[in-house]
Every structure is written in C-alpha cells, then in structure tokens.
1. Please go through region 25-48 and give me each residue that is modelled with pLDDT of 90 or more and more than 17 Å from residue 94 (Cβ to Cβ), ordered by number.
2. Among the residues of region 75-97 satisfying the criterion of being farther than 17 Å from residue 8 by Cα and exposed (fewer than 15 other Cβ atoms within 10 Å of the Cβ), which is modelled with the lowest pLDDT?
Amino acid sequence: MDLLKDLAQIVKNDKTHNLIAKVDGEGITVFLDYDSNLNYAHVETEIIPIRYDTLEEFCYIPMDELKEKFCPSEYGIESDEIKLISNIMDYLESHKKEINDICEMYDLESRIEIMKDDVNFPPYHVEG
C-alpha cells in the first residue's frame with residue numbers, strides 16, 4: 001500500500017480540489033481543498049476534512065473542523081464531492097491495518113516500544 005499514491009489515484013479525475021494529507025499518531029486527516037487557482041470567490045473557506053481515527057477505527061468528517069474550514073457561500077457540499085468523500089472513506093476504512101501501522105510510526109511512544117522490542121534496531125539508550 002502506498003497511501004499517498006493511492007489517495008492521488010482516487011482524486012485523479014477531480015478538477016477542483018487539492019488533496020492534503022496529515023498523519024499523526026492517532027490517525028490521518030485528508031483535506032479536500034478548493035484549488036486557489038480557480039476563480040471562486042469562496043476558495044479560502046471551502047476545505048472538507050475527512051478523518052480516519054486509529055483509536056476508534058472508523059472514518060468520519062470532524063464537525064468542529066468542518067464548521068471552521070468549510071463555509072460555502074452558495075450551495076454546500078455537492079454530489080461529486082460526496083462521491084469523492086465516500087471513495088476516500090471507503091479506501092481508508094478498507095486499509096485499517098496499514099494505516100494503523102503508519103500512524104504508529106508517527107507516535108514517539110510507539111517508536112520507543114518498537115525499538116525496545118526489535119533486535120534489528122541499533123542499541124539505543126531508552127529509559128523506562
């Protein structure tokens with residue numbers, strides 16, 4: 001699985017959004033961001049966040065971020081965007097194990113535990 005490449009494949013035919021991915025120790029957030037080169041007056045405020053949470057093991061649109069970043073001046077979320085969101089969510093949910101593994105490597109505490117247990121890692125001094 002190549003997470004970034006796979007996400008790019010999902011949005012390859014979309015002509016209006018940039019794709020931004022943010023990974024942390026607890027999950028991944030994918031943002032659909034209107035391309036600023038398009039001539040929309042409301043570009044800066046239409047960002048749709050899609051979150052896969054490794055602790056809860058499901059995908060959702062975080063309401064607090066949506067309210068903060070998505071303020072459409074005309075219609076709201078359109079049907080093409082809903083399909084795109086659904087495809088991204090389906091992908092993230094069908095790759096739970098791989099995403100959990102990636103996110104674990106972004107969490108310092110998890111990396112320290114892996115270093116303690118992995119005989120192939122060089123002998124680092126780890127307290128605890």
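1. Quick first cut of region 25-48, residues modelled with pLDDT of 90 or more only: 26-31.
Of everything in region 25-48, those that are modelled with pLDDT of 90 or more and more than 17 Å from residue 94 (Cβ to Cβ) turn out to be 26, 29, 31.
2. As a first pass, look at region 75-97 and keep what is farther than 17 Å from residue 8 by Cα: 75-79, 96-97.
Now restrict to residues that are exposed (fewer than 15 other Cβ atoms within 10 Å of the Cβ): 75-76, 78-79, 96-97.
Details: 75: 70, 76: 75, 78: 81, 79: 87, 96: 92, 97: 91.
Taking the candidates together, the pick is 75.
The values are calculated or read from the model by the stated rules, or taken from the named source; none is laboratory data. Owing to the predicted nature of the structure, the values given are computational and were not obtained by experimental measurement. Heads up, the Cβs are rebuilt from the backbone with ideal geometry, glycines too, and the neighbour counts pull from every protein chain shown.
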